[in-house]
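Novice: Below you will find the structure I want to go over with you.
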Amino acid sequence: MKKKVSRLKVPHNKHTAGCASVPVAPPPEVVLPMSMHSGAPAEPVVQVGDYVRVGQLIGKEGGEISSPVYATISGTVSAIEPVKLNTGRTVTAIRIKGDGKMEKDPNIQVPEVHDLDSFLAAVQKSGVVGLGGAAFPVWKKLDAVRTNPVHTVLINGAECEPYITSDHRLMLEHADQIVKGVEYLRTYLKAEEFIIGIENNKPDAIAHLEETFKDDPSVKVMAMESVYPQGARQILLYNATGKVVQPGQRLASLGVIVINVTSLAKMAQYLTDGMPLVDRCVTVDGSAVAKPGNYVAPVGTSVGYMIEQAGGFSEPAGKVLLGGPMMGRTTTTLSEPIVKATGAILAFNQKDSAQMEPTACIHCGRCVENCPIGLNPTAFARDLEIEDEAEKVAALDKHNIKLCMECGCCSYVCPAHRPLVQNNREGLALSKKAARAKKEGGK
Ligand code: SF4
Ligand code: SF4
């Protein structure tokens, strides 16, 4: 019998599951970071003062792994400037002052796709990245088929983070795009098997997709146990197929590609109507939000505007998060823009935001026991105390910091409220920085 590697039960709090997605009114302004994806930032191709329309290219791919950025509202470019995001990174962003017209770029056309090369080129132009949070460019992920034939596509509809229901709504409201996405991957990747993994706390989405694909034996809708982090790709892979990806191994080498369900749908949308990724559904919820719901908004819309669209604050907010409570990051400014991979904005009242003071580690071992991939977060915390940078990175790497997926299970279970996931993020950043420096030095 297969071992269930994911076992943490967290409250689902999917209050907005029944809230159909509604478009927000055009925002007065958007701020579009050139780095909303893994890899090299996009490079601006417009100038201050230019008039731009929805779907117009404003940032072209900046490297081997990168993704283009498109205008998400019509209006005038008012600034190209550095902005500090809640990840702590400062990136170049294009600010567009909207004219409220949402005029579409007249040059938008359906891409011509007739073989693998033209398909991958079109997916690259779509600007679609991993919309479940990873933000890895989808074209680059699919490009792996050139060296590793893909047999199985695992479509990730788990949406295991508490509160977030935007993927859930997409599965209910846009199953037609999922059908098209499957067809594209079947045709151009030659994939033979499709598994749509959905946590069993979304029975309506499971039933709807089972009905949608009832005449297609190559598509299996799999009800997955509602345990966190079921949606992490290596966990979903194991629980859905029994396959294990080894440290350093590319998932594609197993003949499998994992793609988020909204990414698949957005890719299909571009291939069907030529409109690149310019908007997305965002769950706005939390105890300080007046009208929680699912709101479709242009990428780059501010958090403050999104909360206004959701009826504003019902009471003073103590904490605002982009993303879910397990993996999301707080923002201290309501002018923070939503980016391509923002699935949720959560605003909590003062009481729910109260932070427990960390106390000394009591060596209970719960963090290790509950890490879905068997890491030791206390070791990372110790490693971070090493003074010598090189020794510190070597120790972090020895303890496999690079495998940490920042799922937050360790922090969640820690009775001493240690900031474990924050430590892990710091360790990961150091390890990645050292790896980049080594690579560049070796060129
Ligand atoms: S955040 Fe990292 S160390 Fe902590 S439980 Fe998740 S994978 Fe394990
Ligand atoms: S869960 Fe917290 S208290 Fe327990 S060993 Fe881990 S860090 Fe220490």
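Novice: Just to be sure I understand the model, the point goes 7 Å from the Cα along the line to the Cβ. What's the resulting Glu440 to Val244 distance in nm?
Specialist: Taking the simple label geometry, Glu440 and Val244 are separated by 3.7 nm.
Novice: Please work out the C-alpha center-to-center distance from the range 260-277 to the range 344-371 and express it in whole Å.
Specialist: Using only Cα atoms, the two centres lie 37 Å from each other.
Novice: What Rg and what Dmax come out for the chain when only alpha-carbon atoms are used, in angstroms?
Specialist: Rg, Dmax (Cα atoms, Å): 21.3, 63.
Novice: Output ³J(HN,Hα) for the range 293-304: one whole-Hz value per residue in order, computed from phi by the Karplus curve 6.51 cos²θ - 1.76 cosθ + 1.60 with θ = phi - 60°, and x for Gly and Pro.
Specialist: x, 10, 10, 8, 9, x, 4, x, 5, 6, 4, x
Novice: Taking the Cα centre of the range 90-204 as the origin, how large is its charge dipole in debye, to the nearest 20, when only Lys and Arg (+1) and Asp and Glu (-1) carry charge on their Cβ atoms?
Specialist: Dipole magnitude for the range 90-204 comes out near 400 debye.
Novice: So for the range 173-324, averaging the separation of alpha carbon pairs under 8 Å that are six or more residues apart and normalising by length, what relative contact order in percent results?
Specialist: 17 percent.
Novice: The range 34-57 to the range 105-176: how many Å between their Cα centroids?
Specialist: When both Cα centres are located, 20 Å separates them.
Novice: If you average the C-alpha positions of the range 83-102 and of the range 221-257 separately, how far apart do those two centres end up, in angstrom?
Specialist: When both Cα centres are located, 34 Å separates them.
Novice: Counting only protein heavy atoms, what percent of the accessible surface of the range 116-273 is carbon or sulfur at a 1.4 Å probe?
Specialist: 52 percent
Novice: Further question: Can you work out ³J(HN,Hα) from phi for every residue in the range 9-21, in order, using Karplus 6.51 cos²θ - 1.76 cosθ + 1.60 and θ = phi - 60°, giving whole Hz and x for Gly and Pro?
Specialist: 9, 10, x, 6, 6, 8, 5, 9, 4, x, 8, 4, 6
Novice: Ignoring solvent entirely, what values of log10 I(q)/I(0) come out of the Debye formula for the range 366-441 at 0.24 Å⁻¹ when each Cα is a single scatterer?
Specialist: -1.05
Novice: Using only the alpha-carbon atoms of the range 1-160, report the extent along each of the three principal axes, biggest first, to the nearest angstrom.
Specialist: Projected onto its principal axes, the Cα set of the range 1-160 covers 63, 43, 32 Å.
Novice: Can you work out the Karplus-derived ³J(HN,Hα) for every residue in the range 277-282? Use 6.51 cos²θ - 1.76 cosθ + 1.60 with θ = phi - 60°, whole Hz, and x for glycine or proline.
Specialist: Each residue's phi maps through the Karplus curve to give 5, 10, 9, 7, 8, 10 Hz.
Novice: Could you tell me which helices of the chain pass both thresholds, a Cα extent of 30 Å or more along their own axis and a mean Kyte-Doolittle hydropathy of at least -1.0, with helices taken as whole DSSP H runs?
Specialist: 420-441
Novice: As an exercise, use a Förster radius of 41 Å and the Cβ-Cβ distance of Glu81 and Glu225 to find the FRET efficiency, rounded to the nearest 0.05.
Specialist: That gives a FRET efficiency of 0.35.
Novice: Pairs Lys60/Lys439; Lys202/Lys340; Lys9/Lys243; Lys9/Lys438; Lys84/Lys180; Lys60/Lys101: which exceed 29 Å Cα-Cα?
Specialist: Lys9/Lys438; Lys84/Lys180
Novice: Same structure again: Amide H of Ala93 versus every other amide H placed in the peptide plane: which residues, excluding those fewer than 5 positions away on the same chain, fall under 5 Å?
Specialist: Excluding prolines and chain starts, which carry no amide H, the hits are Met34, Glu81, Val83.
Novice: Tell me, what is the per residue accessible area of the range 291-344 in Å², probe radius 1.4 Å?
Specialist: Ligands and nucleic acids excluded, the result is 35 Å² per residue.
Novice: If the viscosity is 1.002 mPa s and the temperature 20 °C, what Stokes-Einstein diffusion coefficient in µm²/s follows for the range 142-203 when Rh is the Kirkwood radius over Cα pairs?
Specialist: 166 µm²/s
Novice: Another question, if that's okay. Go ahead and run the numbers for FRET between Ile65 and Ala354, Cβ-Cβ distance against an R0 of 45 Å, rounding to 0.05.
Specialist: So, using R0 = 45 Å, E works out to roughly 0.65.
Novice: Here's something else I'd like to know. Please sort 275-283, 134-142 by packing, taking for each peptide the average over its residues of neighbouring beta carbons within 10 angstrom, highest first.
Specialist: 275-283, 134-142
Novice: While we're on this one: If the chain between Val296 and Asp273 were fully stretched, how many nm would it gain, using 0.36 nm times the residue separation less the Cα-Cα distance?
Specialist: 6.5 nm
Novice: Related question: Taking Cβ-Cβ under 4.7 Å as the only way to count a partner, pick out the unpartnered cysteines of the chain.
Specialist: Lone cysteines by the Cβ rule: Cys19, Cys160, Cys281, Cys361, Cys364, Cys371, Cys404, Cys407, Cys409, Cys414.
Novice: On to the next question. Using only the Cα atoms of the range 206-278, build the gyration tensor, take square roots of its eigenvalues as a ≥ b ≥ c, and label the shape rounded, prolate or oblate: rounded if a/c is under 1.5, else prolate if a/b is larger than b/c, else oblate.
Specialist: Oblate, since a/c reaches 1.5 and b/c is not below a/b.
Novice: Hey, if you drop one equal point scatterer on each alpha-carbon of the range 15-67 and run the Debye formula without solvent, what base-10 log of I(q)/I(0) do you get at q = 0.22, 0.25, 0.27 Å⁻¹?
Specialist: The calculated log intensity ratios at q = 0.22, 0.25, 0.27 Å⁻¹ are -0.90, -1.00, -1.08.
Novice: Placing +1 on the Cβ of each Lys and Arg and -1 on the Cβ of each Asp and Glu in the chain, which of Val123, Met326, Val289 has its Cα farthest towards the positive end of the resulting dipole?
Specialist: Of the listed residues, the answer is Met326.
Novice: Something else: What does the helix-only formula give at 222 nm for the chain: each DSSP H stretch with n ≥ 4 adding -39500 (n - 2.57), the total divided by the residues, and the result rounded to the nearest 500 deg cm²/dmol?
Specialist: For the chain, the value works out to -8500 deg cm²/dmol.
Novice: Turning to a different aspect of this structure: Out of all Cα-Cα pairs in the range 116-273, roughly what percent, to the nearest whole number, are more than 20 Å apart?
Specialist: Tail of P(r) above 20 Å: 44 percent of Cα pairs.
Novice: Where only protein heavy atoms count, and the probe is 1.4 Å, what is the accessible area per residue for the range 116-273 in Å²?
Specialist: 35 Å²
The values are calculated or read from the model by the stated rules, or taken from the named source; none is laboratory data. None of these values were measured; they are calculated from a predicted model. Quick reminder, even Gly has a Cβ in these numbers, built from the backbone with ideal geometry, and neighbours come from all protein chains shown. Just so you know, the surface numbers come from the protein's heavy atoms only, side chains and all, with ligands and any DNA or RNA stripped out. Shrake-Rupley method; radii C 1.70, N 1.55, O 1.52, S 1.80 Å.
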